[in-house]
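The values are calculated or read from the model by the stated rules, or taken from the named source; none is laboratory data. What you see is a predicted model; the values in this text were computed from it and never measured. So basically every Cβ, Gly included, is an ideal-geometry build from the backbone, and we count neighbours across all protein chains shown. Just the protein is used for accessible areas: all its heavy atoms, side chains included, with ligands, DNA and RNA removed. Shrake-Rupley method; radii C 1.70, N 1.55, O 1.52, S 1.80 Å.
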Amino acid sequence: MAPRIHFDGRPIWAEVSLGALAHNLRAIRRYVNAPGAPPVPGTSTKKRTPRKVLAVVKGDAYGHGAAPVARALERAGADWFGVTDAAEGAGLRAAGVRAPILVMTGFWTGEEKSLLENKLTPAVTGLETLRWLERAAARRRRGPVGFHLKVDSGMNRLGVAPEEIPAFARALADSPHLRLDGVFTHFASSDVLTSSQTEDQRLRFADALERLRALRIPTGLVHMANSAAVGARPETWADMVRPGALLYGYHQFYDPPERRAEMETKLPLRPALSLRARIVLLRDVPAGAAVGYNARWTAARPSRLAVISAGYADGLLRSLTNRARVLVRGKFAPLVGTISMDLATADVTGIDGVKSGDVATLYGADGSASQWVSEVAATLGTVSSDLLCAIGKRVPRFYVD
């Protein structure tokens, strides 16, 4: 049976395993620092420098809850954290996180004060943001402010192109209150092992690094590997890696698909989040009875239906209508009828002993059976983080070992 968690309020909740998160972080650290792994650039194989791990906790730690997750990962040895904006970083500082925090997608004018007050490391994504940061650092008058430079190696979103490095160098020379502490890039398709795009990006990034070094600009921490690259592209590991979905227990859907099983064997992970709700009503309907909005499912036989306190406002996407299933008493029951904002319905015909108050597991394990968010994501042709980030704020999170 599913674990028993009791609380007052609407009966839907998420369970987040802090033990799984710590396990995953340590497994990733061992993997990228294994004896056969490429050494950190600039070090020898005889005296290896440990490769750092930046734990990506943006998007409320992929829906898991940023503050408790970051505290747990800091205890487990995370070297850095990655967030999207100054507000996310300030939230971590308010929660007591002391490790360095990189604001990976840069900042918008007006965020500089929060960046500096909370000792966050901003990404500079263009010459304009470099100038904004210099003005803020000059007003602060407390010594140089460190930042990481984002290089656009081919994703064509944020970052300075390799050809712009001379202009960046001139702007940096005119910024006495700033210090370059790191250089990084982001891959567009590191999970697609049948394409040359990632290697092309890696080479363009290497060109940018060479241009910086030719201008005698120290590059600091160099990093580029996201989750898929951590799993399958050791040539990209550099000084530090940036796992996101991996931390929460999910490998990417690689192309070719068989590489996923290979990665799961090489780097075993534990999914950290379970999502559960209770059955709030049982209803027996005759054959021919329609269920839910727009009558999108009709009972083909006399059926027992379980109404579950979960809907698309909780993260059970409406697009899963008539395509998903839940676990009830260790057995799978299909969801039937349109998933509404607050409720879903499962056909529990044939599952013995089901009663109101029983737990329906949307993601997680129930006895020997399990269904994790990655499997549901595959049904929709999307990524695990899409569904994890969809879990609503009204769903309470409980943190377990």
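Structural remarks
- In the chain, the calculated helix contribution to ellipticity at 222 nm averages -8000 deg cm²/dmol per residue, counting -39,500 (n - 2.57) for every DSSP H run with n ≥ 4.
- For segment 279-401, convex hull volume per residue from C-alpha positions, Å³: 111 Å³
- Extension gain for R270 to A378 (0.36 nm times residue separation, less C-alpha to C-alpha distance): 37.1 nm.
- Cut-off 13 Å between beta-carbons: net charge of the residues surrounding T219, Lys and Arg +1, Asp and Glu -1: +1
- Residues whose amide H falls under 5 Å from that of A324, counting only those 5 or more places apart or on a different chain, are L335, with hydrogens built in the peptide plane.
- Summed side-chain charge close to D352 - residues other than D352 whose Cβ falls under 11 Å, Lys, Arg +1, Asp, Glu -1: +4
- Close amide H pairs (under 5 Å, H built 1.01 Å from N) link V124 with H148, L149, K150, residues at least 5 positions away or on another chain.
- Student exercise, the chain dipole from Lys, Arg, Asp, Glu Cβ charges, in Debye to nearest 20: 960 debye
- Debye intensity ratio I(q)/I(0), log10, the chain, q values 0.15 Å⁻¹ (C-alpha model): -1.29
- Dipole of the chain, positive direction: furthest Cα of T121, I339, L327, with charges on the beta-carbon: T121
- Each label was represented as a point 7 Å from its Cα along the Cα-to-Cβ direction; for R283 and R157 these points are 4.2 nm apart.
- Heavy-atom accessible area order for D366, D386, largest first, 1.4 Å probe: D386, D366
- Here the calculated FRET efficiency for S368 and D207, from their Cβ-Cβ distance with R0 = 51 Å, stands at 0.45, rounded to the nearest 0.05.
- In the chain, the DSSP beta bridges split such that about 50 percent are antiparallel, to the nearest 5.
- Projected label distance in nm at R26 and T49, using a 7 Å step from Cα toward the beta-carbon: 2.6 nm
- Residue-normalised accessible area of the chain, given per residue in Å² at a 1.4 Å probe: 44 Å²
- Here the extension length gained between D255 and A34 equals 77.1 nm, from 0.36 nm per residue of separation less the Cα-Cα distance.
- Treating each Cα of segment 71-160 as one equal point scatterer and applying the Debye formula with no solvent, the log10 of I(q)/I(0) at q = 0.11, 0.14, 0.20, 0.23 Å⁻¹ comes out as -0.31, -0.49, -0.93, -1.13.
- H148, H186, ranked by accessible area, largest first (probe 1.4 Å): H186, H148
- The accessible-area ordering, largest first, of the residues K331, K113 stands as K113, K331, per a 1.4 angstrom probe.
- Between segment 286-350 and segment 76-124, the alpha-carbon center distance in angstrom: 42 Å
- With an a/c value of 1.5 or above and a/b not larger than b/c for the gyration tensor axes a ≥ b ≥ c computed over the alpha-carbon atoms, segment 1-123 is described as oblate.
- Near-label residues of segment 329-344 by backbone N, under 18 Å of a point 7 Å along Cα→Cβ of N294: 335-344
- Loop-located trypsin sites (Lys or Arg not before Pro) across segment 74-108 with a Cβ neighbour count of 14 or fewer within 10 Å are R98, with loop assigned by DSSP.
- Normalised by residue count, segment 127-204 yields a Cα convex hull volume of 88 Å³ per residue.
- Computed from Cα atoms alone, the Kirkwood hydrodynamic radius reported for segment 202-336 is 19.5 Å.
- The calculated FRET efficiency for the pair R301 and A95, based on their C-beta separation and a Förster distance of 56 Å, comes to about 0.60.
- Normalised by the number of residues in the chain, the average gap of Cα pairs under 8 Å and 6 or more apart makes the relative contact order 18 percent.
- Förster radius 35 Å - calculated FRET efficiency between S195 and K119, Cβ distance, rounded to 0.05: 0.35
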